[in-house]
Each structure stands twice: as structure tokens, then as C-alpha cells.
Amino acid sequence: MEADYWKRGAERWKALLESDVPVIYVGAASCGRAAGAAKVEEAVRAKLGDLSPTARVVEVGCIGPCCLEPLVYVQRPGKAPIVYGDQSPETVAVVLESVLSKGDLLMDKALGVLSEGAQDGIPSFYEHPMLKPQTRLVLRNCGIIDPVEIDHYFAREGYLGLKRALSMSPEEVVEEVRASGLRGRGGAGFPTSQKWTFCRKAQGDPKYLICNADEGDPGAFMNRSLLEGDPHAVLEGMLVAAYAIGASHGYIYIRDEYPLAIERLSHALQRMREHGLLGQKVMGTGFDFDITIKRGAGAFVCGEETALMASIEGRRGMPRPRPPFPAQKGLWGKPTVINNVETLGTLPNIMRMGGAAYAGRGSEKAKGTKTFSLVGKVKRTGLIEVPFGTPLRKIIFDIGGGILNDRGFKAIQSGGPSGGCIPASMVDLEVDYERLTQAGSIMGSGGLVVMDEDTCMVDVAHYFLTFTQNESCGKCSPCRIGTRRMLEILERIKKGVGEEQDMQRLTEIAQTVKDGSLCGLGQTAPNPVLTTLRYFHDEYEEHIRDGRCRAKVCKDLFHYEIDPEKCIGCQICFKKCPVSAISGKPKGAHTIDQARCVKCGLCYQSCPPKAKAVKRADNGPDEVKG
Amino acid sequence: MRQVIGSGTPQDKAPWREAVARILSRHGNERGELIPILQNVQAELDYLHREALEEVARALRLSMHDVYGVATFYAQFRFSPPGRHKVRACLGTACHVRGGDDVMAALERRLGIRHGETTKDGEFSLERVACMGCCALAPVMVVGDEVSGRCTPSKVDEILARYGGGD
Ligand SMILES: Cc1cc2nc3c(=O)[nH]c(=O)nc-3n(C[C@H](O)[C@H](O)[C@H](O)COP(=O)(O)O)c2cc1C
Ligand code: FES
């Protein structure tokens, strides 16, 4: 009956693709929802009620280009789905009406078709500039299948990797993963097979497997997207890992800010149980394994493995020194492997295609592909997947389409609060673990934040230090006190009252924190400061010596003013100003009362482009200190 | 530094006791269940008040300071009642570089409170959040369960108006 899973899956999948009624797919991952997908879906259902009451609506995950959300794909009988982006309840009604009843495909609005080649003159969506440079392995099902349909996953060769793994010995599975060159995707890039071997060899029973879905980097969402769009891929990976290390119980530690991912996981676990993929005798073999979901409670440090285990044990999430490593003494003192969501999500591919085939992609020291969340000041934001070794330039300019509003590119930040800022001059850097480390940053879990000339690098350092200082658990003093002292210095530099020696002081404290902290949080917390000091020294100097923030971000160092020559007296800023700091008569020049102004920037943003009368001007050094 | 336990007293005794008892019986009394229990108690009661925490401590045979110690470690737990509408502004990196601070400032201005506070009428509370995972649509804010992306100060007004707030 088990062989029927794939057969049944294939049939149901085919029935969907070859449906004789229209099928409307709505991108309903968290990003789609934040862009308004729920209202769009409502509008789709309402419109279909009139147009084609038998048509089906399917919710899918995120295919990656979050900037184009809400995404809707329209599949006509016998045709591949056509993708439309940026939909609203109003526009989607027009799209459905045109495509389904008038036969007008709205060529100028269609982003592509979900098929290998073009159809009816519309190119493949995979040829879209954001998707074309990508290699989608881990994300292969995201945005394509309905994540609550285990049959869709079966149809796309789901659980075949597990099937193969279970037909091998655990040692052979470890060997296959070793051949794939897989390194952890959660940050440090530790070879997965090696970690597993330690745990396999460790004495102790039972053994545990933990899926780290804490995704603490604020500004990154790769793990969320994968869990929402293709939960079974991660769960299948957990089964493979558990089998290899001999674990009988698994935990998924997931942050509570991801309610949809939690819902998808719970649902998927239920389906697995029904299909004999969880519990006793998985797939009819002698392998028993079960999984429990644990919700995080809002502490960044709990992404660190020893703190994470403390949290699962019901204690304060404080890290402890290693060794002993979790592989020897982990959860409740038992041998434990902790792997990141993406590491686990990669395993089904490796087991299906074979380790050697997987290792055919990537760079010399890092094999395969990596997902990144590409965000910040870039035109096309979203979730992407590229082989290791892909140059930053390709990521930012080809996939991302370049800098928002065609501003100047200044830096890209990787690795979140543990990472650093890589300057524009290093845009040809090929992304892998070692190269990012050499540049002073880290790979981290894959957050990439693009920064432009309107981003102040001192502010960025201050931002991250605020974060780490706040999240420091307080157990060790270098981290607890050192981050606090660094933050105080950055605060005064931002205010324009920094001192000449401050840069030196920052470097010294940073070194102490790096060397003396107990866990990765403190050891890496200085990275944002050190990299900005290294690559953007002149910006620090300007803040300190001239009281000037060239990006006009540090609010104590600049003010808004209205050029009386250019002001056309349209009164837009006058009406927008939330604190009534602007005065002036219609058609006359306006002025800003500096004492009242809170520098929210609304006047600057709303001043019509034809006038461009609102300017940001430096405060003189005297104004700052006074 | 996080605010330490207030001694908020529940108005109505019977229902919360029942709710806590239900949660406790569902979870059993292993220490590993402490955080899930606190999460569920907060989901039911909206915040963790002293009496509820005492019940939990008793059931798990833990000291009160142990339970407090765990609860105060995690940012998720609240010790005083939140507003009827929980407003959160994201101050994650992606939101920060795309104007998240301006969205927070607009919220503070419109609601007349600072983050961490609740309006006098109890309608709105305002919190900061480190990332909602919708970074591609930064800046992001949340009211209750409703996440909105691509926020601007003017969009803040629109959103708050839907919940009957904002001036
Ligand atoms: C402060 C801190 C936060 C971390 N946060 C995460 C996280 O959110 N997700 C994650 O997978 N790993 C995180 N890690 C790394 C984990 O400790 C661990 O190395 C990782 O989960 C191992 O998985 P991998 O080998 O599959 O990469 C963090 C580490 C530190 C020091
Ligand atoms: S940084 Fe705001 S949603 Fe991620």
C-alpha cells in the first residue's frame, strides 16, 4: 500500500495540473498575507462565483519574489498557470474576468507562465530576471505545491529520499551526506556528516535530533518560507538525519513569530502519522521516530544550540560552555544533534540524487546551494537560492535588479547581528563561508540586507549593537558589559558628541568581547562594529569631527528646511506635518519651525517632485554640541 | 532590563482558575512543559498574573522564583494586561533600513504612548518586535494577527482608523 502513495500523489497532482476547470493559485505565505493576499483570495472566490463556480482555488507558499506579492496564478484548462503580481481585490477581478471569460491574457501584466517554455507568447516565469539566475533545489516546491497536500509532495518525489535512506545502513547514509559535502546552513558551516558521526559514536540513550527553526536574525526569513511552503521537505530531512544518528525523538524549536509555519508543521505531522511516516515502524521498517514542536518564547540567544536546549528543558535560555558538545551531552544530558531547517531541508535532495551529484554544484569549499533573503534597499526583494560561490554582484544587480530608486550602492550586510557590512568595492566577492569570514562578516543563516547611500553605517552598527546588547543573556560579563559600553560610545557618536579616541576605544572593547565571551552571541556581536570601522572609517570620522551624517539618518546631525525659491505653496507638507511645525500660505513659501520639528521626514517624502523644495541640511558642529 | 512582575489581580476568579487547571492537566507536570504552559496561560489570560504563576509553580513543584526567573527571561511574556488591540511595529534590520523607526514614531504619536505602554482607555498597547519574517515587505507592522507590509506614516493612520484609533 505504501507504493500507492507516490502513485496516488502523481494522480492527484496530474488531476490538478490538467484540471478541466480553471484553477487559481494564491501565494498565501506570510509575505503574501502581509501584502494583502487574504483579501485578494476573498475577491478571487467572489469573482469565481460569478464567472466559473466550479473553478478551484489553491493556496500555495512563496515562490520567492516577495516584492511582487500578492501573487496569483491563473490556470486555464489544458494550459500552464500564468503568473500575475501585485494584485489587489480590484485588479484580480479584472484579471480573472479578462483571462477566463474574454480570453485576453493581459500580456503587459503577465509576469510569466509556470512551465519550462513560453506559452501563448508569454515567457516562462523561470526566465524572469529575478528567477533566471537561481538554482532552486531546496526551494523547488515552494510556491508550486499546496503545502497542506502531502500528495503533492509525494508527486514531486517526496519521501523517496527517505525510502532510499531506509534501504541503506545508517553508516551508508552518513557516508552519502559526507560525499555531498553538506555543511550546516545555520551559521557556522560545520560539516553535517562529521557532527552526525560524533553523535552516532557517543554513548547514551535515547539520542535526540533538534531542528533549529529559531531564525533569530532580524531581517531574514529563509527558514520561515521553506517551512510554510514545503514543510515535508524539512520533516523528511529530519527522518533521514534521525535514522543516520540513531535518534528516536525529534524536536522542532520554532520561533513564535511564525504562526503560519507552526500551523503548516502541525498539519504535516498529522498527515505523516496517517501515512505511517512517523511513530513506530516508519515506512514499515524497524525505525521508530516521533517529532514534537516547541515554540520559542522570544529570545535571540535561544538560537544558540546550548541555550536552545536549556529552553526546551524549561529553563532560562542561557548558553553553557562547550565542550561537552551537544553531540556528546545534549538535551537532558543525552547525545543530541542540532541542525538548521535548511540543512535538514537539503537532505531529501541529497538522498534522492546522491551525494556526489549534489556536490557537483557550488564552490570548492562549499557544495550545493544556499537560500538567502534579499532585502533592504534593493529593487526586487525576496527569497532566493543560488549555488555557493555566486558573486554578490549577481545577487544584488541581476537577481535583485539593482538599488532601489537607482541610488548608489553602499554595502551589503550578511549574517545579521553576528555578521558584518561588506562595502560596494567588494561586490565581486563570491559568496561562501570562508570568503565572507575573510571579509570580516559571516555567512550566518542567509540574511542579506542591501544598503544604499541613504544608509548611515554608524547607525547600522548602532542598530545591531542595540539588538545584541538587548539580547545578551547576561551570563558572561564581556558580552553583558562590553556590548553596553560599545553601545554607549556609538550613541554619542550618533549624537555628534563622540570623541577622537572613540574609534580606538570601540576597537579595543570589541576585541575583548570577541575573545572573552562565552557563546557565539558575544563572540560575534562586535562584527557589525568592526566591519563598519574597517570599511567606513570616514563616516565615523565625519560624525565625530564634523558632526555630520552624510546619509542624513542620525537625527541630531541634520534638519529639514524648505527652499523658499522652490516652494510652490502646494501645502501638502503643511497638511501632512504631524506636529504642525510647518507654516505658510497657499501659493506662498513655507517654513519649518525647527523647535517643533520631530524629523519624521514626511514633508521631505511628500514634497512633489516638480518642486523638490524640502531639503535635508547638515547642522553645523556648533548646533550639535550646543 | 525588562519589567519585573506586577501583581495584576484578575477581576474574575473562577474562569481563569479553570483555564489554568485545564492547561495544566493537558501538559502534565514535567519541567520541560513549563514554557508551553506559560505560553498557553498567556494565550488564555492575555498576561501572566501572580496567582496564575503560583498555580503553575505548585503544579510543577517548582519554586515561585524559578518560574518567575524563566518567565522574565523571555520577551514574549507579559505581566500586566495588554490593550484590546495589540499593536507591534517591526524594528528588524530590513524594517530599520527602510524606515521602521518612522513607522514606530508615527504609531507613538498617533496613540499618544511610547512602546511598551498601553493607552489609558485600554484599547491599544504598543510593542516592538524584532522581525516578523516579512522583511521583503518592510517596514512591517501588526495589529492583533493582521500583518501589514510596506507601511508608511500615512498608512499607519489608515490602519489605526480601522481599529477605531489614531487621534
Ligand atoms: C546567538 C546565536 C544565534 C543563533 N541562531 C541560530 C538560528 O536562529 N538558527 C540556526 O539554525 N542556528 C543558529 N545558531 C547556530 C546554532 O548554534 C547551531 O550552530 C546551528 O543550529 C547548527 O545547525 P547546522 O549545523 O545545521 O548549521 C545561532 C548561534 C548563535 C551563537
Ligand atoms: S525585519 Fe521587519 S519583518 Fe523582518
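The values are calculated or read from the model by the stated rules, or taken from the named source; none is laboratory data. Model, not experiment: these values are computed from the prediction. Note that we place each Cβ from the backbone using ideal geometry, even for glycine, and neighbour counts take in every protein chain shown.
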Item checked: Failed item in (1) outside any helix (DSSP H, G or I); (2) within 27 Å of the chain's Cα centre (by Cα), with A:Leu530 passing the rest -> (1)
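Quick grid of which residues meet (1) touching a residue at least 24 places away in the same chain (Cβ under 8 Å); (2) away from ligand 2 (no atom under 16 Å from the Cβ); (3) under 30 Å from A:Asp205 (Cα atoms); (4) not assigned by TED's automatic domain parsing to the domain that holds A:Ala179:
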{"position": "A:Phe300", "(1), (2), (3), (4)": "yes, no, yes, no"}
{"position": "A:Arg316", "(1), (2), (3), (4)": "yes, yes, yes, no"}
{"position": "A:Pro324", "(1), (2), (3), (4)": "no, yes, yes, no"}
{"position": "A:Leu331", "(1), (2), (3), (4)": "yes, yes, yes, no"}
{"position": "A:Arg352", "(1), (2), (3), (4)": "yes, yes, yes, no"}
{"position": "A:Arg380", "(1), (2), (3), (4)": "yes, yes, no, yes"}
{"position": "A:Ile396", "(1), (2), (3), (4)": "yes, yes, no, yes"}
{"position": "A:Ile399", "(1), (2), (3), (4)": "yes, yes, no, yes"}
Item checked: Tally of residues being within 14 Å of ligand 1 (Cβ to nearest atom) and over 22 Å from A:Leu235 (Cα atoms) across region A:330-366 -> 1
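Suppose the filter is β-branched (Val, Ile, Thr), buried (at least 19 other Cβ atoms within 10 Å of the Cβ), modelled with pLDDT of 95 or more and closer than 25 Å to A:Ala220 by Cα; does B:Val87 pass it? Reasoning before the result, please.
Numbers: β-branched (Val, Ile, Thr): yes; buried (at least 19 other Cβ atoms within 10 Å of the Cβ): yes; modelled with pLDDT of 95 or more: yes; closer than 25 Å to A:Ala220 by Cα: yes.
Yes.
If only one of A:Leu436, A:Leu429, A:Leu448, A:Leu404 is within 11 Å of another protein chain (Cβ to nearest Cβ) and surrounded by fewer than 23 Cβ atoms within 10 Å (Cβ to Cβ), which one is it? Don't jump to the end; show me each part of the working.
Details: A:Leu436 fails: within 11 Å of another protein chain (Cβ to nearest Cβ); A:Leu429 fails: within 11 Å of another protein chain (Cβ to nearest Cβ); A:Leu448 fails: surrounded by fewer than 23 Cβ atoms within 10 Å (Cβ to Cβ).
From the options A:Leu436, A:Leu429, A:Leu448, A:Leu404, the qualifying one is A:Leu404.
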Next item on the list: Considering only region A:80-105, state which residues are surrounded by fewer than 17 Cβ atoms within 10 Å (Cβ to Cβ) and under 13 Å from A:Asp120 (Cα atoms).
Entry: A:Gly103, A:Asp104
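Any residue at all in region A:250-257 that's more than 16 Å from ligand 1 (Cβ to nearest atom), outside any helix (DSSP H, G or I) and within 14 Å of chain B (Cβ to nearest Cβ)? Break it down into steps so the answer makes sense when it comes.
The initial filter retains those residues of region A:250-257 that are more than 16 Å from ligand 1 (Cβ to nearest atom), namely none.
No, region A:250-257 contains no residue that is more than 16 Å from ligand 1 (Cβ to nearest atom), outside any helix (DSSP H, G or I) and within 14 Å of chain B (Cβ to nearest Cβ).
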Notebook entry, point to check: Among (1) more than 14 Å from B:Ile35 (Cα to Cα); (2) within 11 Å of chain B (Cβ to nearest Cβ); (3) within 12 Å of ligand 1 (Cβ to nearest atom); (4) out of contact with any Phe, Trp or Tyr (no Cβ under 9 Å at 6 or more places or on another chain), where does A:Phe300 come up short?
Noted result: (4)
Next item on the list: Check region B:148-162 and report whether any residue there is over 26 Å from A:Arg596 (Cα atoms), facing another protein chain (nearest Cβ under 10 Å) and buried (at least 21 other Cβ atoms within 10 Å of the Cβ).
Entry: yes
Next item on the list: Check A:Gly547, A:Gly584 and return the single one that is on the phi > 0 side of the Ramachandran plot, crowded, with 17+ Cβ neighbours inside 10 Å and touching a residue at least 40 places away in the same chain (Cβ under 8 Å).
Entry: A:Gly547
Next item on the list: Within region B:79-104, count every residue that is within 9 Å of chain A (Cβ to nearest Cβ) and of a type in the set (Lys, Arg).
Entry: 1
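Got a sec? Which of A:Thr531, A:Thr507 is surrounded by fewer than 17 Cβ atoms within 10 Å (Cβ to Cβ), more than 16 Å from ligand 1 (Cβ to nearest atom) and within 30 Å of A:Gly303 (Cβ to Cβ)? Can you show your working first?
Numbers: A:Thr531 fails: surrounded by fewer than 17 Cβ atoms within 10 Å (Cβ to Cβ).
After ruling out the rest, the residue left standing is A:Thr507.
Select from region A:267-297 the residues that are among the β-branched types (Val, Ile, Thr) and more than 10 Å from chain B (Cβ to nearest Cβ) and list them in ascending order. Quick ask: steps written out before the conclusion?
Quick first cut of region A:267-297, residues among the β-branched types (Val, Ile, Thr) only: A:282, A:285, A:291-293.
Across region A:267-297, the qualifying residues are A:Val282, A:Thr285, A:Ile291.
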Item checked: Residue satisfying condition, being under 19 Å from A:Ser441 (Cα atoms), in contact (Cβ under 8 Å) with a residue 24 or more places away in the chain and among the hydrophobic types (A, V, I, L, M, F, W, C), within set A:Leu490, A:Leu533, A:Leu557, A:Leu518 -> A:Leu533
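Looking at A:Ile403, is it under 17 Å from A:Asp217 (Cβ atoms) and not charged (D, E, K, R)?
On the way: under 17 Å from A:Asp217 (Cβ atoms): no; not charged (D, E, K, R): yes.
Taking the combined requirement at face value, the residue does not satisfy it.
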Notebook entry, point to check: Somewhere in region A:536-544, is a residue within 27 Å of A:Gly298 (Cβ to Cβ) and either more than 14 Å from every other protein chain (Cβ to nearest Cβ) or within 16 Å of ligand 2 (Cβ to nearest atom) (or both)?
Noted result: no
Note to self: For region A:32-77, give me the residue count where each residue is within 26 Å of A:Arg224 (Cα to Cα), β-branched (Val, Ile, Thr) and part of a loop (DSSP other than H, G, I, E, B).
What the structure shows: 1
Notebook entry, point to check: What's the number of the condition B:His115 fails, among (1) within 12 Å of chain A (Cβ to nearest Cβ); (2) in contact with a strand residue (DSSP E or B) (Cβ under 7 Å, 6 or more places away or on another chain); (3) surrounded by fewer than 21 Cβ atoms within 10 Å (Cβ to Cβ)?
Noted result: (1)
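Tell me the residue from A:Val72, A:Val60 that is assigned by TED's automatic domain parsing to the domain that holds A:Leu16, β-branched (Val, Ile, Thr) and under 17 Å from A:Lys14 (Cα atoms), please. Full working, then the answer.
Values: A:Val72 fails: under 17 Å from A:Lys14 (Cα atoms).
Of the residues listed, the single one that is assigned by TED's automatic domain parsing to the domain that holds A:Leu16, β-branched (Val, Ile, Thr) and under 17 Å from A:Lys14 (Cα atoms) is A:Val60.
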Margin query: Take A:Pro526 and tell me if it is within 21 Å of B:Val97 (Cβ to Cβ) and within 16 Å of ligand 1 (Cβ to nearest atom).
Written below: yes
Checklist line | Identity of the residue in region A:190-247, under 21 Å from the mean Cα position of the chain (by Cα) and over 29 Å from A:Arg271 (Cβ atoms), that ends up farthest from ligand 1 (Cβ to nearest atom) | finding: A:Gly219
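The rows are residues; the columns are (1) away from ligand 1 (no atom under 16 Å from the Cβ); (2) within 29 Å of A:Leu383 (Cβ to Cβ).
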| site | (1), (2) |
| --- | --- |
| B:Gly83 | yes, no |
| B:Thr93 | no, yes |
| B:Val97 | yes, yes |
| B:Val103 | yes, yes |
| B:Leu111 | yes, no |
| B:Glu117 | yes, no |
| B:Ser125 | yes, no |
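For A:Lys207, state whether it is of a type in the set (Lys, Arg), farther than 25 Å from A:Leu436 by Cα, in contact (Cβ under 8 Å) with a residue 60 or more places away in the chain and outside the structural domain of A:Ala28 (by TED's automatic domain parsing).
Against the criterion (of a type in the set (Lys, Arg), farther than 25 Å from A:Leu436 by Cα, in contact (Cβ under 8 Å) with a residue 60 or more places away in the chain and outside the structural domain of A:Ala28 (by TED's automatic domain parsing)), A:Lys207 qualifies.
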Notebook entry, point to check: Considering region A:6-27 alone, what residues qualify as being among the small types (Gly, Ala, Ser) and closer than 21 Å to A:Pro53 by Cα?
Noted result: A:Ala15, A:Ser19, A:Gly27
Notebook entry, point to check: When only residues in region A:431-461 that are of a type in the set (Asp, Glu) and in contact with a helix residue (DSSP H, G or I) (Cβ under 7 Å, 6 or more places away or on another chain) count, which is farthest from A:Gly419 (Cα to Cα)?
Noted result: A:Asp452
Check: Based on what the data block shows, is A:Lys370 assigned to a strand (DSSP E or B), of a type in the set (Lys, Arg) and either within 16 Å of ligand 1 (Cβ to nearest atom) or in contact (Cβ under 8 Å) with a residue 40 or more places away in the chain (or both)?
Finding: yes
Margin query: Looking at (1) under 26 Å from the mean Cα position of the chain (by Cα); (2) away from chain B (no Cβ under 14 Å); (3) not in a helix (DSSP H, G or I), which one does A:Arg322 not meet, given that it meets all the others?
Written below: (1)
Notebook entry, point to check: When you scan region A:141-242 for helices (runs of 4 or more DSSP H) that lie fully inside it, which ones turn up with 1 or more residues that are within 14 Å of another protein chain (Cβ to nearest Cβ), modelled with pLDDT of 95 or more and more than 16 Å from ligand 2 (Cβ to nearest atom)?
Noted result: A:222-229
